[in-house]
Amino acid sequence: MSKAIPRLLILGKNGQLGWELQRAVAPLGEVTAWDRNSADLSRPETLAAQIDALRPGIILNAAAYTAVDKAEAEPELARRINSEAPKALAEVAEKIGARLIHYSTDYVFSGEQATPYRETDPTGPNCVYGSSKLAGEQAVLAAGANHFVFRTCWVYGRHGGNFLKTILRLAKERKELRVVADQVGAPTPAALIADVSAQVIARCLHQGNAIKGGLYHLSAAGHTSWHGFASTIVEQAIAAGIPLALATSNIAAITTAEYPLPANRPANSRLDCSRLENDFQLTLPDWRLPLTNILSDILTP
């Protein structure tokens with residue numbers, strides 16, 4: 001008798017992570033990808049029946065309310081999408097025997113710690129977005145041992161809007177730029193998150209219940225500031241022969257206080273990923289390495 005082909009469901013297909021997940025997990029089974037029109041996470045009560053009807057073996061929740069500043073004015077909507085929807089997904093996953101992979105964020109931490117955050121460090125979000133994401137990950141982890149939560153930070157990529165694309169656009173339009181330099185983290189490609197997720201899923205499909213799930217930090221290695229990230233983007237674009245109005249010497253380093261926003265950002269977004277690397281025999285790349293390839297893809301006509 002032939003082995004059944006695994007069925008995987010991706011939520012958030014049009015986001016930068018959902019887009020990369022469709023590529024990364026395609027070789028692992030039969031993939032169904034839903035956007036917000038197919039699955040409305042702002043109505044968590046509708047999700048269980050839809051997923052129960054599909055009966056996937058793996059659910060990847062790449063959908064979220066990610067408008068960090070807007071969430072301050074829309075806390076109820078952020079809570080439904082980031083907290084209640086993951087809870088509903090975890091409950092239906094437990095019911096049908098599926099594994100749920102859910103993605104969270106460095107914003108669950110205050111950012112006041114001096115060293116990279118480990119999974120066991122106390123959380124302390126200081127904005128609505130962070131609080132809603134923390135409640136969501138807690139609901140997923142409470143639902144059962146077959147669920148994974150991957151916390152990541154500073155996500156960017158080829159698809160969708162992100163810091164990388166914003167800097168490239170501004171570098172073509174402006175001769176001067178001011179970028180925050182007192183927030184640090186690891187710029188992490190959506191493709192890296194997707195590829196690691198695919199490796200974890202492959203292990204799960206091969207080893208079954210021997211892989212118990214849990215909470216893991218997942219980001220690129222090393223760290224920089226937003227100013228350092230912007231400077232590196234511009235340097236590499238210039239080296240690739242892209243005509244820019246902006247020179248790296250004209251990127252001014254400023255403080256968070258000089259660029260006030262509605263939502264507080266963590267000053268330290270560094271994540272200690274040693275648990276993930278040890279448990280799954282992975283070596284995560286330095287943040288600079290993937291940037292070259294992604295820039296090349298974006299800049300190639």
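Of the peptides 126-137, 243-254, the order by per-residue mean of other Cβ atoms within 10 Å, starting with the highest, comes out as 126-137, 243-254.
In a DSSP loop and with at most 13 other Cβ atoms within 10 Å, there are no GluC sites (Glu not before Pro) in region 215-301.
For V155, the residues whose amide H sits under 5 Å from its own are T188, ignoring neighbours fewer than 5 places away on the same chain, with H placed 1.01 Å from N. Here region 101-151 was treated as a single set of alpha-carbon atoms; its pair distances binned every 5 Å from 0 give 5, 20, 31, 24, 14, 5, 1 percent.
Two numbers describe the Cα atoms of region 194-270: Rg and Dmax, which are 19.5, 55 Å. The charge dipole of region 203-301, taken about the Cα centre with unit charges on the Cβ atoms of Lys, Arg (+1) and Asp, Glu (-1), comes to about 260 debye, rounded to the nearest 20.
Shown in residue order for region 122-131 are the 3J(HN,Hα) couplings computed by the Karplus curve 6.51 cos²θ - 1.76 cosθ + 1.60 at θ = phi - 60°: x, 8, x, x, 10, 8, 4, 4, x, 5 Hz (x for Gly and Pro).
Under a model in which nothing but the beta-carbon of Lys, Arg (+1) and Asp, Glu (-1) is charged, region 1-122 shows a dipole of about 620 debye around its Cα centre. Taking amide hydrogens as placed 1.01 Å from N in the peptide plane, the amide H of V149 sits under 5 Å from those of H102, G214, L215, Y216, each at least 5 positions away in sequence or on another chain. Close amide H contacts of A221 (hydrogens built in the peptide plane, cut-off under 5 Å, sequence separation of 5 or more or a different chain): D286, W287.
Phi angles of region 50-64 translate, via the Karplus equation with coefficients 6.51, -1.76, 1.60 and θ = phi - 60°, into HN-Hα couplings of 4, 6, 4, 5, 7, 6, x, x, 10, 10, 10, 9, 9, 8, 6 Hz per residue; Gly and Pro are given as x. Estimated from helical segments only, the mean residue ellipticity of the chain at 222 nm is -11500 deg cm²/dmol, where each DSSP H run of four or more residues counts as -39500 (n - 2.57). The distance linking region 245-301 with region 159-238 is 5 Å (Cα centroid to Cα centroid, whole angstrom). Share of antiparallel DSSP beta bridges in the chain, in percent to the nearest 5? The antiparallel proportion sits near 5 percent. Here the accessible area of region 1-47 is 50 percent carbon and sulfur, with a 1.4 angstrom probe and all protein chains present. Apolar share of the accessible surface for region 165-286: 50 percent from carbon plus sulfur atoms, 1.4 Å probe.
The values are calculated or read from the model by the stated rules, or taken from the named source; none is laboratory data. Values in this document were obtained by computation on a predicted structure and should not be read as measured data. Backbone-built Cβ (ideal geometry, glycine too); neighbour counts: all protein chains shown. Each accessible area value is taken on the protein alone, full model and side chains, heavy atoms only, with ligands, DNA and RNA left out. Shrake-Rupley method; radii C 1.70, N 1.55, O 1.52, S 1.80 Å.
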